[in-house]
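The values are calculated or read from the model by the stated rules, or taken from the named source; none is laboratory data. Worth saying up front: this structure is predicted, and the values here are computed from it rather than measured. Quick reminder, even Gly has a Cβ in these numbers, built from the backbone with ideal geometry, and neighbours come from all protein chains shown. Areas reflect the complete protein model, heavy atoms only, side chains present, ligands, DNA and RNA absent. Shrake-Rupley method; radii C 1.70, N 1.55, O 1.52, S 1.80 Å.
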Amino acid sequence: MERKQKLDVVGQVEHMKSKGIKFNIEDENFARDYLQNNTYYFKLKAYQKLYDTYKSGDNIGQYLNLEFAYLRDLATIDSLLRKKILSIAIDVEHYLKVKLLQDFNKSGEDGYGIIEAFKESDPDHFEKEIKNKSYGRACKDLVEKYKNDFAIWNFVEIISFKDFQELYKLFYSRNKELFCFKKNKENFKGEFFYLITPVRLLRNAAAHNNCLLIDLVKTPDLCFQPEYTVCTFLGKNGIKNTTINKQMSKPIINDFCVLLYLYSQIAPKKAQKHTFEELKDFFDVRIVKNKEYYKNNSTLQSAYDFTRKVIKIFCESSQNV
């Protein structure tokens, strides 16, 4: 791959112009100032992937009807969306821990044996993680106090979301008889294990400030499968199967819908009502603030319409407090 030339903000604007990006809404001076003080070029230009280019003619390779203002607005929306995703994902992790410890109290577990089993499943990883946690300010005191005798109630306070997922799986696999799906459907939480991975991956992407919206045009991995439980739920709530199949085949949309679904299953109704109403306002007000920018972009339009319907479903269900 050919190495790229370093560009200052003047060169960055000129490079965008060479790609057909226009400055009719926000001029070049504004663009240079914005790139100098608010963001960096590589991140902003990533959103150009959401737009088509000329396939032939004199302008081949240049973008069709793409303004700098569109890119800036998309970057802002994406940033705000990441913050909302991160907030909900943190709550999901918390409420999963609440449910796990509630079910632990109903079980015959003493709290120590399961941590020993967790440790034995991968001793090297366990020791490495405990050592790393001992260096951190947030967990250092807990690790020092319990490192030789962890119980489930203090262990969940120091582990990563990924390790919590494995502990979650271990607990319900050890207590199948008590929390059997067929016998105790209302209280069974073990099936949520399968929903944690997309939530965790989305949480990590948001936490690391990855551009999320550009995933709308990425070709998904051939091994990727939309989450069946969530697809079924959406179908039962009035969304057409053809629409579900098309939109949920996009990992970013699938993971976002899984996040909302899992949150709706474990968060208190009062918290759900506040969260979903806030999310609905974001979609109804901020995202469409410059809707004229996207009226000719079918990818963004269809993704928005689908996701808004999904949020409406959860918003209406949370009203039954």
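From the alpha carbon centroid of the range 103-168 to that of the range 59-94 is 36 Å.
Rounded to the nearest 0.05, what FRET efficiency is calculated for Lys291 and Phe161 with R0 set to 56 Å and r the Cβ-Cβ distance? Efficiency, from the Cβ-Cβ distance: 0.95. Placing R0 at 25 angstrom, the Cβ-Cβ distance between Phe30 and Thr53 gives a FRET efficiency of 0.55 after rounding to 0.05.
Between 0 and 90 degrees, the angle of helix 251-266 with respect to the longest Cα principal axis of the chain falls at about 40 degrees. Working from the Cα coordinates of the range 24-95, the gyration tensor eigenvalues give, after taking √(5λ), semi-axes of 31, 17, 9 Å in decreasing order. Pairs over the 30 Å Cα-Cα cut-off, from the set Lys55/Lys295; Lys45/Lys291; Lys106/Lys236; Lys4/Lys246; Lys45/Lys289; Lys176/Lys309: Lys106/Lys236; Lys4/Lys246; Lys176/Lys309. Can you tell me how the range 97-227 classifies by the Cα gyration tensor, rounded, prolate or oblate, using a/c under 1.5 as the rounded cut? Oblate shape, in that a/c is at least 1.5 and b/c is the bigger or equal ratio.
Checking the cross-link filter: which lysines have an alpha carbon closer than 18 Å to that of Lys162, excluding same-chain neighbours under 8 positions apart? Partners within reach: Lys97, Lys99, Lys119, Lys128, Lys131, Lys133, Lys189. The angle between the Cα long axis of helix 269-281 and the longest principal axis of the Cα atoms of the chain comes to about 10 degrees, rounded to the nearest 10. Sparsely packed loop sites in the range 251-321 (the trypsin sites (Lys or Arg not before Pro) outside DSSP H, G, I, E and B with at most 15 other Cβ atoms within 10 Å) comprise Lys289, Lys295.
Its DSSP H runs of at least 4 residues, each contributing -39,500 (n - 2.57), put the calculated 222 nm mean residue ellipticity of the chain at -19000 deg cm²/dmol, to the nearest 500.
Along the axis of the charge dipole computed for the chain (Cβ charges of +1 for Lys and Arg, -1 for Asp and Glu, origin at the Cα centre), the listed residues Asn148, Pro226, Asn297 are led at the positive end by Asn297. Computed with a 1.4 Å probe over protein heavy atoms only, the accessible area of Ser302 comes to about 30 Å². For the range 268-308, the convex hull spanned by the alpha carbon atoms encloses 51 Å³ per residue. Here the chain is assigned +1 on the Cβ of each Lys and Arg and -1 on the Cβ of each Asp and Glu. Its dipole about the Cα centre then comes out at about 560 debye. When the charge dipole of the range 1-147 is built from unit charges on Cβ atoms (+1 for Lys and Arg, -1 for Asp and Glu) and taken about the Cα centre, the candidate among Gln5, Ile130, Ile77 whose Cα reaches farthest toward its positive end is Gln5.
Protein heavy-atom surface of the chain, 1.4 angstrom probe: 49% of the accessible area is carbon and sulfur, with nucleic acids and ligands not counted. For the chain, the solvent-accessible area works out to 57 Å² per residue, with a probe of 1.4 Å and every protein chain left in place.
Each Lys and Arg adds +1 at its Cβ and each Asp and Glu adds -1 at its Cβ; summed about the Cα centre, the range 177-321 shows a dipole of about 240 debye. Three principal axis extents of the range 1-137 based on alpha-carbon atoms, in descending order, are 73, 34, 31 Å.
Working from the Cα coordinates of the chain, the gyration tensor eigenvalues give, after taking √(5λ), semi-axes of 42, 25, 17 Å in decreasing order.
Database remark: amide H of Lys22 closer than 5 angstrom to the amide H of Leu66, Glu67, Phe68 (H placed geometrically; neighbours at sequence offset of 5 or more, or on other chains; Pro and chain starts carry no H).
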